[in-house]
Amino acid sequence: MIDNPLGAIMIVGGGISGMQSALDLANSGFKVYLVESAPAIGGKMAQLDKTFPTNDCSMCIVSPKLVEVGRHRNIELLTHSDVEAVAGEAGRFTVTIANHARYVDVLKCTGCGLCEMVCPVSFQSYFPEPPPEVEEEQQSKKKSKRKADITSSLTPRPTSEQKWSFRVDEDLCSKCGLCHRACLHEAVQWQRKEVASIIQDKCTGCGACYVACPEKFQAVIVEDVPDGDKSLGVALHSRSEVLKKIHAEDRGRCIRCGLCTIMCDKVMGPSALKLTDQGVEVKLDACQVCGSCISVCPTDFLAIDKLTDKEPQPLLNEFNEGLDQRKPVNIFYPQAVPRVPVISEESCVKLNTDFCGTCQTICGVGAIDYKQLGSSREIEVGSIIFSPGIEVFDAKLRGEYGYGEYPNVVTSIEFERLLSASGPTSGTVSRPSDGSHPRKVAWVQCVGSRDVSCNRDYCSSVCCMYATKEAFIAREHDANIEPTIFYIDMRSFGKNFDNYVERAKENGIRYQRAMISRVFEDPISNDLEVRYIDQNGVRQVETFEMIVLSVGIQVSDKTRGLAEQLDIELDRFGFAVTDGFTPLATSRPGVYVSGAFNGPKDIPETVSEASGAAQAASASLAKVRGTMLSEETLPQEKIEEPGEELRIGVFVCHCGSNIASVVDVEDVEAYAQTLPGVVYTDKPLYTCSQDSQEQMKDIIEEHQLNRVVVAACSPTTHEPLFMSTLRQAGLNKYYFDMANIRDHCSWVHPTEPEKATEKSRRLMRMAVANAAQAKPLTELEFDVESSLLVIGGGVAGMSAALEAADQGFGVYLVEQQPRLGGQVRNLKRSWDGQDFAPFLESLEMKVLGNENIKVFTNAAVIDQGGFVGSFETEIITPTGGSRIIKHGAILLATGATESRPDIYGLNELDRVITQTDFEQLLIDEPTQAQELRSVVMIQCAGSRCEEHLDYCSRVCCNHAVKNGLKLKQLNPEARVDVLYRDMRCYGLGELDYRQARLAGINFIQYDPANAPPAVEAAQDELSISVVDPSINHQIEFTPDILVLSTGMTPVDTEELASMLRIPRNEHGFFIEAHAKLRPVDLPSEGLFMAGTAHGPKNVSETIAQAQAAVARATTILSKKKLKLSGVYSTVEPDNCAVCLTCVRACPYGVPEINEEHTAYINPALCQGCGICVAECPAKVISMGRFEDKNLAAKLQSYNEKAYANVNGGD
Amino acid sequence: MLPCTGRIDESLLLKAFENGADGVMVVGCLEGDCHYVNGNIRARARVERVYQILEQIEIGPDRVRMYNLSAGEGAKFAAFANEFVEIISTIGQSPINKARSGNSQPVQEVES
């Protein structure tokens, strides 16, 4: 580490992992550069439909993070960019970033999507080689030898709807007569050596003359073209849209509108099409197969396979896993951040042939720049976090399942897109072969996981759960679906996962333990037949209508290349190599890692690691925190004078034509002028664009506006932007309201423009009425006590204490035992074979020797008060004295212990021991262990059962494998039999499991419901019997010892939890604020947790989580003051009846009765839901922005008349 | 728009009818999935009480209804809205609107 490090961190990979790291770091005072190679951040999570085990909508929970990252002052997004080189060392790296050309200016683009809408190209063209400007290819267009006629059984019926008019310019006409010959309606008058003219009565406006007139003369002029002022391409698109509606009944019939020929000749260049009596003639060798003619054809008369004899190459939408098509100009996905398209260099006609250019002509803000060049940039940072994520296994490598051959065999990620409401089928589960709704659907697990044959020896850890989720959601979408999941072991090892699987079973999902070896397709029905051996050893044949392959996850070649640039060590699968005690540090100092690239894992673990990596990457930079931030300087806020008149400004947005194409924006604006209080109106093309925002500030100033209403798009994405503009203009930001006339009007009522306009007027009126009632709200600021209280001194607590001390915070570490260390004192070795003893020793030394950490052993918390940033906690020390400590955040690391239930003779017989006992024997008494002739292990002994621990303890399977291997190492002759339900050796633990089987350890599955292991235990002899389903026979064992995997049970925290108001689940583990995205946060602000108090986990996972919890706490502790939202509930104390209704109603337990004997709601703790406001019988609680008068104003103004009456009419 | 359907109380729902609504739709998170833990369950209870009040004062109980949706279910929301409009169209104008000059207002939706 160098002396003068930089307070900036680069994150490579903008999935959920990179986003979480970025937010934690940026909120802790570091400058963040977030590099993502895709056009937008979001990663794999953005592609998912729902998430397990809560079935939360993935996009709904991830999009607020996308928006927050996109808007954060201290996060610089570098999308569509790649790392090219990394030089330097920890503290000061120089990273070279290649920023690929988007051909769209990110700063100007407003994300309206019009470019994508008008782009006619939908196929990868065969562009001429060499490019046309070098060789005059166009000249040869008339010499085509291969022509084909496109016709249909329906005779062409020429349309004249919305016709364009054509005329011949006398001066330009060369008198050649080509137009005359081209016209199919005898509408062109021409005689040799005379100027042609068009007989308007006969003309249908097909433009055949226009296309036929040679390029060098251009004598046929087109007029009366709506949108023709933009470009011909835009005009063709507009007319096509109109004709599509008018001719909806004419599918498959040529209506001779001529759009295809004009498109091909005048916009795209190849001039491959000509109108004929029977339809269209195509020059096969001239067609570039771009598909533009098909996109404008209003009746689907044209089809790509008729146009060319080349192989059509549809442009597949990568985000939808290639299940539908995209345009060369493409916004990655609807909620993308940045919502800026990329123009594809491969498929864009403009970039390849210089024709077209339609998108540039529709863009109202001039964002499209075909001349844009890629750039390279060097950025200096102190640390790097590498979170590139994963890709899915290529299912074609397991050819026996027929993926890529049989249309109804899809991968799980494809199925995820089929389930998604914003996916290619709008969330309808339909078969790719025929679009029908499948009834029987099978999931095949472990495709590209646990498979040595294709070098995927590891378990992908997430597939059992996502398959369960997909089956669950599929049934939610269509109750007729009968899902079957074929699996080897059900690895639902995470928190609440087993419950989820149980619920799935109750919900009609069938689990069949069997691997299917091959899929056969019925070529007529496209149904799929599978064969497998069932639990009774009987061979079964079953037919399914659709098969989903649960593909594993893997590291991409691109990521391996990147890792090489970063010079970090990878294992043979491409996962990062890390140490069990520093799980987030790579082999290169200063480079950290998180997410599935650090071993397969699900979203909560990824999020937790991401926070952990933020901690690891920033701890050594703590002294330069805040040195590279940009601070906003704001003008003094104006204070409203008493009796000041309302001066409301209303901005009605066109959103390009997103709103204006349906809603009459001028009408809405004119109507706004009639509303009481409105003194200024405007109708910007794009209200959110940077220049509009600058103008808005000037307008507020110039017109002395004191309220602003924007009628535009969604407040979820845009309200923060407008509110910050208000604040920059010196207005309180709550003097604002928004009407969503895009999503709620133009988007959902495109076919009813009048009603959409009426609704826009109403929504705008309601927003104006509400703004008139707006009150300025203050965002309270509190001082932050920059120290952390850690409760629990095990590995989690000690690691957290050290990490927090490294960040420069004071730490109070409270441990109830006489010595630090916790449960790990009883364990011997980590999963990667390292001894715990020296690690614990050094950890304890460091904690005790750190001057920032104050350790209290034999101590307990007895009272606790305060709120985030300023807690006060009373602890009792061994001397019996109590002590009050002040701190800004709390970290709970109370841990768990090994469960010791009275089963199978445990706690009674010496020969029956737990895995922890066995490990102690193996390590401490190896000579004694060597003597063991035979050992039986029973997994899930008192785990996953109702009487004892009703959950999976996650670590026991790996523990059993590790101990079994150790015994085999000591004595290869020893016999080891493991009786199990599901071997849950997730992730890289699968490698040891395989090793164990190779070493001769027997794994015998048992059925806990029908044939649990029977143990006859006496002091001198053990006899165990179990039915082995693989031979369907009872087998007997008489081992020397019986080892039980009993699982872990959380330390009793009942009193502590009730004192700190922390919810615990029925098993006694703390409940996180959000199962997916806030895995180490507790629901109350300022409280965090780490380690086994959260749920069972191993030591590496515990350390990563401790780092995560400190990163989360650092977002609070690193601030001098905390600023809270202005929206919180307040009690008017004079009229409070102290009825306790609010105390009972609040889901967060915030209201309390204070010393003045009235209810008091601490603004720092209030979450702003408004439940107490509604419940209070005396109506003495109010909440800013959502007061009764606000809501009443909205309700009243809904009704135009009632509103006019109240406001004196207009 | 409200932070949570839990913010709604009976008087607000009744005020909507007073202001000319023929029907009121309350749309909250899925039960068990409330962003604010249990606000939607409280809202449901209040909607039920308004249902009874509407019945007592003979405005018609079916004019108020609670729906539960996740934020990702746009199509379902549209289906619910259409269903509710259908119901209200069948019941017809609210007696309050009838009494007032017979000048009716279309269906009102209150979203959250």
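The values are calculated or read from the model by the stated rules, or taken from the named source; none is laboratory data. Predicted, not measured: the structure shown is a model, and the values here were computed from it. Because the Cβ atoms are built from the backbone with ideal geometry, glycine has one as well, and the counts that use them run over all protein chains shown.
Structure data summary
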quantity	calculated
Test result for A:C1139, within 14 Å of chain B (Cβ to nearest Cβ) and either closer than 26 Å to B:V26 by Cα or not β-branched (V, I, T) (or both)	no
Test for A:R975: is it touching a Ser or Thr at 6+ places or on another chain (Cβ under 8 Å), surrounded by fewer than 22 Cβ atoms within 10 Å (Cβ to Cβ) and charged (D, E, K, R)	yes
Among (1) within 18 Å of A:S799 (Cα to Cα); (2) among the aliphatic types (A, V, I, L, M); (3) out of contact with any Ser or Thr (no Cβ under 8 Å at 6 or more places or on another chain), the one test that A:A610 misses	(3)
Residues located in region A:1014-1063, provided they are within 28 Å of A:L1082 (Cβ to Cβ) and over 46 Å from the mean Cα position of the chain (by Cα)	none
Residue in region A:889-901 that is surrounded by 24 or more Cβ atoms within 10 Å (Cβ to Cβ) and closer than 17 Å to A:I1041 by Cβ present	no
Region A:638-660 - residue that is outside any strand (DSSP E or B) and touching a strand residue (DSSP E or B) at 6+ places or on another chain (Cβ under 8 Å) and, of those, farthest from A:L777 (Cα to Cα)	A:I659
Complete set of residues in region A:50-63 that are within 13 Å of chain B (Cβ to nearest Cβ), crowded, with 24+ Cβ neighbours inside 10 Å and part of a loop (DSSP other than H, G, I, E, B)	A:P53
Qualifying positions in region A:1152-1168 - more than 14 Å from chain B (Cβ to nearest Cβ), within 23 Å of A:E1085 (Cα to Cα) and in a loop (DSSP other than H, G, I, E, B)	A:N1154, A:I1161, A:N1162, A:P1163, A:A1164
Odd one out for A:K396 among (1) within 24 Å of A:V462 (Cβ to Cβ); (2) in contact (Cβ under 8 Å) with a residue 12 or more places away in the chain	(2)
Unique match (being touching a Leu at 6+ places or on another chain (Cβ under 6 Å) and away from chain B (no Cβ under 14 Å)) among A:A395, A:A479, A:A471	A:A395
Subset of region A:820-879 [surrounded by fewer than 16 Cβ atoms within 10 Å (Cβ to Cβ), within 30 Å of A:L965 (Cβ to Cβ) and among the small types (G, A, S)]	A:G833, A:A837, A:S842
Selection within region A:1169-1191 - more than 10 Å from chain B (Cβ to nearest Cβ), outside any loop (DSSP other than H, G, I, E, B) and among the β-branched types (V, I, T)	A:I1181
A:R531 surrounded by 13 or more Cβ atoms within 10 Å (Cβ to Cβ) and touching a Cys at 6+ places or on another chain (Cβ under 8 Å)	no
Qualifying residue in region A:365-384 (condition: closer than 30 Å to A:G552 by Cα and in contact (Cβ under 8 Å) with a residue 60 or more places away in the chain)	yes
Test: A:T757 is surrounded by 22 or more Cβ atoms within 10 Å (Cβ to Cβ) and among the hydroxyl-bearing types (S, T, Y)	yes
Scope region A:1134-1188; condition surrounded by 14 or more Cβ atoms within 10 Å (Cβ to Cβ) and small (G, A, S); matching residues	A:A1145, A:A1159, A:A1164, A:G1168, A:G1170, A:A1174, A:A1178, A:S1182, A:G1184
Hits in region A:580-610 - residues which are touching a residue at least 60 places away in the same chain (Cβ under 8 Å), of a type in the set (S, T, N, Q) and either surrounded by fewer than 22 Cβ atoms within 10 Å (Cβ to Cβ) or not assigned by TED's automatic domain parsing to the domain that holds A:L562 (or both)	A:T582
Every pair of residues 6+ apart whose Cβ atoms lie under 7 Å, when the first sits in region A:934-958 and is more than 23 Å from A:S1023 (Cα to Cα) while the second is of a type in the set (V, I, T)	A:L949/A:T1049
Selection count, region B:51-78, where residues are more than 12 Å from every other protein chain (Cβ to nearest Cβ) and not basic (K, R)	16
Qualifying position, being within 20 Å of A:R742 (Cβ to Cβ) and assigned to a loop (DSSP other than H, G, I, E, B), among A:V663, A:V668	A:V663
Listing of strands (runs of 3 or more DSSP E) fully contained in region A:884-925 that carry 1 or more residues being hydroxyl-bearing (S, T, Y) and either out of contact with any His (no Cβ under 8 Å at 6 or more places or on another chain) or within 23 Å of A:E1101 (Cβ to Cβ) (or both)	A:896-898, A:912-914
Condition broken by A:E669, with the remaining ones in (1) within 14 Å of chain B (Cβ to nearest Cβ); (2) touching a strand residue (DSSP E or B) at 6+ places or on another chain (Cβ under 9 Å) satisfied	(1)
Filter result for the condition that a residue is closer than 30 Å to B:E73 by Cβ and not assigned by TED's automatic domain parsing to the domain that holds A:F573, over A:N499, A:N455	A:N499
Any hit, region A:996-1003, residues being in a helix (DSSP H, G or I), hydrophobic (A, V, I, L, M, F, W, C) and under 22 Å from A:T916 (Cβ atoms)	yes
Breaking point among (1) touching a Gly at 6+ places or on another chain (Cβ under 6 Å); (2) not assigned by TED's automatic domain parsing to the domain that holds A:M1089, for A:F1069	(2)
Only one of A:L1117, A:L1124 that is surrounded by 14 or more Cβ atoms within 10 Å (Cβ to Cβ), at pLDDT below 95 and not β-branched (V, I, T)	A:L1124
Subset of region B:1-40 [more than 10 Å from chain A (Cβ to nearest Cβ) and among the β-branched types (V, I, T)]	B:V26, B:V27
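Table: residues versus (1) modelled with pLDDT of 95 or more; (2) surrounded by fewer than 23 Cβ atoms within 10 Å (Cβ to Cβ).
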| residue | (1), (2) |
| --- | --- |
| A:C254 | yes, no |
| A:C257 | yes, no |
| A:K266 | yes, yes |
| A:Q278 | no, yes |
| A:A286 | no, no |
| A:D305 | no, yes |
| A:V337 | no, no |
| A:V342 | yes, yes |
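Conditions (1) outside the structural domain of A:H718 (by TED's automatic domain parsing); (2) part of a strand (DSSP E or B); (3) surrounded by 19 or more Cβ atoms within 10 Å (Cβ to Cβ), marked per residue:
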{"position": "A:S17", "(1), (2), (3)": "yes, no, yes"}
{"position": "A:L23", "(1), (2), (3)": "yes, no, yes"}
{"position": "A:V32", "(1), (2), (3)": "yes, yes, yes"}
{"position": "A:A46", "(1), (2), (3)": "yes, no, yes"}
{"position": "A:K65", "(1), (2), (3)": "yes, no, yes"}
{"position": "A:L77", "(1), (2), (3)": "yes, yes, yes"}
{"position": "A:A85", "(1), (2), (3)": "yes, yes, no"}
